[in-house]
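Bear in mind these aren't lab numbers, they're just calculated from the coordinates by the rules spelled out. Quantities reported herein were computed from a predicted structural model and do not represent experimental measurements. Neighbour counts run over all protein chains shown; Cβ positions are idealised from the backbone, glycine included.
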Amino acid sequence: MTQIISLPLSLDDASFEQVFQALSQSAPDDKVLLDARHTRWATPYGLTALLTVAQTRTTTPAFVPPEADETLSYWARTGFFSHAESLYDIRGPFPKLRPGGESHVLLEITEVTKSGDVHDVVERIKERAQKILAELNIDSSATMRFVVTLSEVCQNVVEHAGTSGWVAVQTYQWKKRLGRRVVQIAVSDGGLGFRRSLESLPGRQTPASGDRWDDGMALEEAVIQGVSRFRDRGRGQGLANTRNFLGKWSGKLSIRSGTARIAIVPSWDEDTPLCVGLPYFPGAQVLITIPERIAQ
Amino acid sequence: MIQTIDLSSVLRRSVCELYSNLVTRPTGVAVRTEIELLVSERSGVTLTMIDFTHVGLLDYSCADEVVAKLLLRATNGFFICRGLHEAHVDAIEAALSRYELALVVEAADGARCLLGPLAREERLAWEAIAKLGRADAHAVAGELALEPAYAGGLLETLASRRVVMRAGPHYLRFP
């Protein structure tokens, strides 16, 4: 029997928890159908996570595209359908547009598997980033650091996931939530996740019985303490430096892995710094949000 | 004699003809390996100028490999970097701090300065050597109004971090 999962009207990092919850009720080889007919909006997080969902299933899932023409067209321009075609059994019409041509899409959804993919991502985004960050009143000197941040989070997939991942970058108006524009980087993979990656550290001591060791603690070690699965002292700095950059620009970092999510929360947001006991989903889903700078 | 290495040429030669950015750790390892090979082809103590002029981005992983690991491994060599822009400096500073390393960098006008986690007095001692060209602990102590033994300690720190050269009792700025 096929499990039908209705996607929410708006598909972002918060609402995607409903999808993770529904998926956690089924085994990876169960047949599922993701129904996006009524979905009108999706963030880069929503779209990259949708592609990751398909990768984590051993039976090809079915997907019903959105009904709204505007939504369909936008998803096509982000490159969603060009990737989804090979991952989902798509049941319904969708535009065969080539990705691109969308002024708010800084980087169309791009697969990241190897080091060369990170080079390609960096090369593609560099020029557009300068223009769009300037529109957000973000100093041109920050453009390079923004792209370096993107490079670092993409490298986490290459070095730690053990599988391919997806990255997308987009700007949009966050009128209700913040009253200004934001730029978002979303990187999602269905691979090892932070806990299993850290557990592969050679010589790592297994926590004593009763000691806490879970996805939340793994995220705290990696994001707050800069622990890496590599012994090398130079490792584990990517996320630390990403935090520094985001701190300067009032940005937000959130990472979901396994059953936990950690967030570095700026003053404009009221998110919970650490959520545990979430529905299990493999890999890591990283979301970076940088708001438009308001002149003082 | 100073050997100059154009980093963007090394990147294109050792990784990919199309790349202009120093990003990802495997890229950093490949570029550092090539630099080490070029340096090893010269005998004795070497002084190498690494030119970042045509490098677009430098991420933290690459800064760790191309700068910090290079300094840690090439213990018989001295290095200067030039052509750095602000974002390069950020990544390099982060990598140097991790290992408490220091690096001489040259600005477009030829002026040199230090990057890395150094104390103020260590920086002043380096500037004294840069001004004097060649000096012993007594000369630097006189320049900075310090006890000679203390100045000697500062100079030893600078020599061990390979931002000045040592010749007997004297410390030398890079040519």
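Quick rundown of the values:
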{"item": "Long-range amide H partners of A:Phe63 with built H, under 5 Å", "result": "A:Leu34, A:Asp89, A:Ile90, A:Arg91"}
{"item": "Distant alpha-carbon pairs in the stretch A:103-296 (separation over 21 angstrom), percent", "result": "51"}
{"item": "Value of Rg/Rh across the stretch A:115-217 [Cα atoms, Kirkwood radius]", "result": "1.10"}
{"item": "Over the stretch B:1-117: Rg over Rh, Cα atoms, Kirkwood Rh", "result": "0.92"}
{"item": "Residues whose placed amide H lies under 5 Å from that of B:Cys81, excluding near-sequence neighbours", "result": "B:Ile50, B:Val104, B:Val105, B:Glu106"}
{"item": "Under-5 Å amide H pairs with A:Thr39, H placed in peptide plane, nonlocal only", "result": "A:Glu67"}
{"item": "Inter-site label distance for A:Ser267 and A:Ala14 at 7 Å from Cα along Cβ, in nm", "result": "2.2"}
{"item": "Å³ per residue enclosed by the Cα convex hull of the stretch B:1-56", "result": "69"}
{"item": "Lysines whose Cα lies under 28 Å from that of A:Lys176, excluding same-chain neighbours fewer than 8 positions away", "result": "A:Lys131, A:Lys248, A:Lys252"}
{"item": "Relative contact order (percent, whole number), chain A, Cα cutoff 8 Å, 6+ residue spacing", "result": "16"}
{"item": "Contour minus Cα-Cα distance for A:Arg293 and A:Asp211 (0.36 nm per residue)", "result": "25.2 nm"}
{"item": "Nearest-0.05 FRET efficiency for A:Asn244 and A:Gln21, computed from C-beta distance (R0 30 Å)", "result": "0.35"}
{"item": "Average partner coverage of A:233-242, which counts Cβ from other chains inside 10 Å", "result": "5"}
{"item": "Inter-chain Cβ neighbour average for residues B:53-63, partner chain, 10 Å", "result": "6"}
{"item": "Peptide B:9-16 - average C-beta neighbours from other chains (10 Å radius)", "result": "1"}
{"item": "For the stretch A:244-272 versus the stretch A:185-201, the gap between their alpha-carbon centres in whole angstrom", "result": "17"}
{"item": "Zone of A:Ile224's modelled label, taken as backbone nitrogen in the stretch B:97-122 under 15 Å from a point 7 Å along Cα→Cβ", "result": "none"}
{"item": "Relative compactness, the stretch B:118-175, computed as alpha-carbon Rg over 2.2 N^0.38 Å", "result": "0.92"}
{"item": "Taking only Cα atoms of the protein assembly as shown, radius of gyration then Dmax in Å", "result": "25.3, 87"}
{"item": "Percentage relative contact order, chain B, counting C-alpha pairs under 8 Å, at least six apart", "result": "17"}
{"item": "More than 11 angstrom apart: percent of Cα pairs within the stretch B:52-92", "result": "64"}
{"item": "Beta bridge orientation in the protein assembly as shown: antiparallel %, DSSP, nearest 5", "result": "65"}
{"item": "The stretch A:210-282 - Rg over Rh from alpha carbon coordinates, Kirkwood radius", "result": "0.99"}
{"item": "By average C-beta atoms within 10 angstrom, highest first, the peptides A:276-284, B:91-99, A:153-161", "result": "A:153-161, B:91-99, A:276-284"}
{"item": "Efficiency of FRET from Cβ geometry, B:Ala145 and B:Glu41, R₀ 51 Å, rounded to 0.05", "result": "0.70"}
{"item": "Normalised alpha carbon radius of gyration of the stretch A:58-158 [divisor 2.2 N^0.38 Å]", "result": "1.25"}
{"item": "Karplus-derived 3J(HN,Hα), 6.51/-1.76/1.60, for each residue of the stretch A:251-262, Hz, glycine and proline x", "result": "x, 10, 10, 9, 10, 10, 8, x, 10, 9, 9, 10"}
{"item": "Order of A:Asp13, B:Asp109 under a 10 Å beta carbon neighbour criterion, fewest first", "result": "B:Asp109, A:Asp13"}
{"item": "Residues B:Ile2, A:Ile109, B:Ile80, A:Ile125, sorted so that the one with the fewest Cβ neighbours within 10 Å comes first", "result": "B:Ile2, B:Ile80, A:Ile125, A:Ile109"}
{"item": "P(r) of the stretch A:1-60 over all Cα-Cα pairs, binned every 10 Å from zero, in whole percent", "result": "24, 58, 18, 0"}
{"item": "Proximal charge balance of A:Gly190 [Cβ under 13 Å; K/R count +1, D/E count -1]", "result": "+1"}
{"item": "For the stretch B:71-175, alpha-carbon Rg relative to the globular expectation (2.2 N^0.38 Å, N residues)", "result": "1.05"}
{"item": "Point-to-point label distance, A:Asn137-B:Leu72, nm (Cα→Cβ direction, 7 Å offset)", "result": "4.2"}
